[in-house]
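To start, the structure itself, in structure tokens.
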Amino acid sequence: MAIYGVAILAGCFVVGMFFGEIIGTLMGVESNVGGVGIAMLLLIVVVDKLQKKGMLSIPAQSGLAFWNAMYIPIVIAMAASQNVLGALTGGPLAIIAGVAAVVISWTVVPLLSGKKARESAVEFNQSHPLKPQEVK
């Protein structure tokens with residue numbers, strides 16, 4: 001079975017890990033800081049540029065769409081390997097930072113998409129494929 005788009009993904013991953021290590025070193029932390037996030041952002045930019053230039057085949061686009069869908073489970077698995085108990089017992093800062101990140105995300109995403117939060121929710125409900133259909 002051919003796996004399309006993995007070379008692009010691997011290249012973005014290597015670059016992201018490299019810069020994550022550099023950021024960690026600059027911060028004085030013996031860890032990769034943001035490498036996966038940098039890799040995924042780079043992947044989005046590279047794929048967008050290649051699509052606009054018409055240099056990305058349909059199978060490669062499908063393969064990259066698969067890896068983009070795998071992003072959330074990968075991040076969850078990486079977060080699960082962190083010392084969550086240590087962060088929670090270390091003080092309330094971890095909880096405050098987590099809550100703040102969620103609240104900021106909820107407010108910023110509709111602004112970035114160019115829609116008000118209410119319009120976005122209504123549009124989602126109207127176009128959702130599992131929306132109950134009227135019985136005639």
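Points worth noting:
- Lone unmet requirement of (1) within 19 Å of the chain's Cα centre (by Cα); (2) open to solvent by less than 100 Å² (accessible area, probe 1.4 Å) for L50: (1)
- Tally, over segment 5-44, of residues that are out of contact with any Leu (no Cβ under 9 Å at 6 or more places or on another chain) and assigned to a loop (DSSP other than H, G, I, E, B): 6
- Positions within segment 27-60 being closer than 21 Å to P73 by Cα and of a type in the set (K, R), in sequence order: none
The values are calculated or read from the model by the stated rules, or taken from the named source; none is laboratory data. Predicted model, so just to flag it, every value in this text is computed and none were measured. Note that we place each Cβ from the backbone using ideal geometry, even for glycine, and neighbour counts take in every protein chain shown. Note: accessible area is taken over every heavy atom of the protein model, side chains too, but ligands, DNA and RNA are not part of it. Shrake-Rupley method; radii C 1.70, N 1.55, O 1.52, S 1.80 Å.
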